[in-house]
Amino acid sequence: MPRRPAGRPAARDPMPRSNRAPAPADPRQDARALADACERLGLALDVARRDKLLAYCALLSKWNAVYNLTAIRDARAMLVQHLFDCLAIVPPLAAHGLRDGAVVVDVGSGAGLPGVVIAACVPNAQVHCVDTVGKKAAFVRQVRAELGLANLHAHHARVEALAVPADLPPADLVVSRAFASLAQFVELTGHLLAPGGRWAAMKGTLPDDELAALPATVRPVAAITLDVPQLDAERHLIVLARADTS
């Protein structure tokens, strides 16, 4: 066996473990995990709708390799931190306007979170995803086509530039995930809200300072602590309404 020249370090793994491509998803394992998550959340989704959600994750992983839609690269992490995270808001939103026939606007939607998840879970709701980044809106359009989500709509626009009813119908729910402060959220989207409609913002820790900074024209309706399956982190859903509505 040839000896290594003196002073020359041993050959190392050319790619550090942390930089290697993540292991591919295991479809059967992911299907079981999703079914378990739905049961834990009290979501009665049939196999067809669960399959659409898994297909969405696979499509997101595929596009993300080229278009950098999300900082999360690992398929398993996407399942929990994106899919399960967004699924957790669906049951509580049923008490705040998410129903068949509802119009939902997801602002700063990015790769369609939570808009795509809502559209897959509530196929008779009309979900409009709005983002200023063209490649992200294009991805949502591709999701609509490949998953057959006729109730999903993508808008490449600044939310404040959209008009009702010219660009989209009045919203029963305006939702956001990591979009802006609560005060900015309601200021930028108030013109989209239908009479009696509500805002719903996904947050990490309870944003007491943001709630305190809300204008007098807006009132908190609910601050819901979410229990996201397999996610060890704080999550809250903040529901707001106009102060002059019940």
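Can you give the extra length, in nm with one decimal, that the chain gains between D232 and A145 once fully stretched, where that is 0.36 nm per residue apart less the Cα-Cα distance? If you can, show how the numbers build up before the last one.
Working: separation 87, 0.36 × 87 = 31.32 nm, distance 3.37 nm.
That works out to 27.9 nm of additional length.
For every helix of n ≥ 4 consecutive DSSP H residues, a contribution of -39,500 (n - 2.57) applies; sum these over the chain, divide by its total residues, and give [θ] at 222 nm rounded to the nearest 500 deg cm²/dmol.
Numbers: 8 runs with 78 residues, N = 246.
After summing the helix terms and dividing by the residues of the chain, the value is -9000 deg cm²/dmol.
Just to confirm a number: summing +1 for Lys and Arg and -1 for Asp and Glu over residues other than R28 whose beta-carbon lies under 14 angstrom from that of R28, what do you get?
Cβ neighbours under 14 Å give a net charge of -1.
What does the C-alpha gyration tensor say about the overall shape of the range 143-246? Classify as rounded when a/c is under 1.5, otherwise prolate if a/b is larger than b/c, or oblate.
oblate
Taking 35 Å as R0, compute the FRET efficiency from the Cβ-Cβ separation of K62 and A212 and round it to 0.05.
Computed FRET efficiency for K62 and A212: 0.25.
Find the centroid of the Cα atoms in the range 211-246 and in the range 53-116, then give the distance between the two in whole Å.
Between the Cα centres of the range 211-246 and the range 53-116 lies a distance of 19 Å.
With θ set to phi - 60° and the Karplus curve 6.51 cos²θ - 1.76 cosθ + 1.60, what are the ³J(HN,Hα) couplings of the range 236-242 in order, to the nearest whole Hz, using x for Gly and Pro?
These are the phi-based 3J(HN,Hα) values: 9, 10, 9, 10, 10, 8, 5 Hz.
Run the dipole for the chain about the Cα centre, Lys and Arg Cβ at +1, Asp and Glu Cβ at -1, nothing else charged, and hand back the magnitude in debye, nearest 20.
With only Lys, Arg, Asp and Glu charged at Cβ, the dipole is about 1320 debye.
Can you work out the FRET efficiency for the pair T205 and R99, with r the C-beta to C-beta distance and R0 = 30 Å, to the nearest 0.05? All intermediate terms of the calculation are to be shown ahead of the outcome.
On the way: r = 29 Å, r/R0 = 0.97.
FRET efficiency, T205 to R99: 0.55.
For S109, which sequence-distant residues (separation of 5 or more, or a different chain) have an amide H within less than 5 Å of its own amide H, given hydrogens modelled in the peptide plane?
V130, D131
Scanning the chain for trypsin sites (Lys or Arg not before Pro) in DSSP loops with at most 15 other Cβ atoms within 10 Å, what's the longest stretch left with none?
With trypsin sites (Lys or Arg not before Pro) excluded where exposed in loops, the chain gives 159-246 as its longest stretch.
What residues have an amide H closer than 5 Å to that of A194, excluding those fewer than 5 places away on the same chain, when H is modeled at 1.01 Å from N in the peptide plane?
Close amide H contacts, sequence-distant or interchain: A171, D172.
Using the Cβ atoms and a cut-off under 14 Å, what net charge is assigned to the surroundings of L87, where Lys and Arg are +1 and Asp and Glu are -1?
So the environment of L87 carries a net charge of +1.
Please determine, in degrees from 0 to 90 and to the nearest 10, the orientation of helix 134-147 with respect to the longest principal axis defined by the Cα atoms of the chain, where the helix direction is its Cα long axis.
90
When a/c is below 1.5 the answer is rounded, else prolate if a/b is larger than b/c, else oblate, so apply that to the range 205-246 with a ≥ b ≥ c taken from the square roots of the Cα gyration tensor eigenvalues.
The shape class here is oblate.
Report the residues of the range 117-146 in range of a label on E160: point 7 Å along Cα→C-beta, backbone N strictly under 19 Å from it.
Counting backbone N atoms under 19 Å from the label point, the list is 130-134.
Mind ranking 145-151, 162-168 by how tightly packed they are, going by the mean number of other C-beta atoms within 10 angstrom, highest first?
Going from most to least packed, we get 145-151, 162-168.
If you filter the range 123-219 for chymotrypsin sites (Phe, Trp or Tyr not before Pro), then keep DSSP loop positions with at most 13 other Cβ within 10 Å, what is left?
Taking the range 123-219 and a limit of 13 other Cβ atoms within 10 Å, no loop chymotrypsin sites (Phe, Trp or Tyr not before Pro) are found.
How much of the accessible area of the range 85-129, in percent, comes from carbon and sulfur atoms when a 1.4 Å probe is used?
Carbon plus sulfur share of accessible area: 51 percent.
With a 1.4 Å probe and every protein chain left in place, work out the accessible area per residue of the chain in Å², rounded to a whole number. Please list the in-between numbers first.
Numbers: 12410 Å² over 246 residues.
Using a 1.4 Å probe on heavy atoms only, each residue of the chain averages 50 Å².
Using the Cα centre of the range 150-246 as the reference point, and only Cβ charges (+1 on K/R, -1 on D/E), how large is the resulting charge dipole? Debye, rounded to the nearest 20.
180
Tell me the Rg and the Dmax, in Å, that the Cα atoms of the chain produce.
Here Rg and the maximum Cα pair distance are 20.6, 84 Å.
The values are calculated or read from the model by the stated rules, or taken from the named source; none is laboratory data. Keep in mind the model is a prediction, meaning the values are calculated, not measured. Don't worry about glycine lacking a Cβ; one is built from the backbone with ideal geometry, like all the others, and counts go over all protein chains shown. Ligands, DNA and RNA are excluded from the accessible area calculation, which covers all protein heavy atoms including side chains. Shrake-Rupley method; radii C 1.70, N 1.55, O 1.52, S 1.80 Å.
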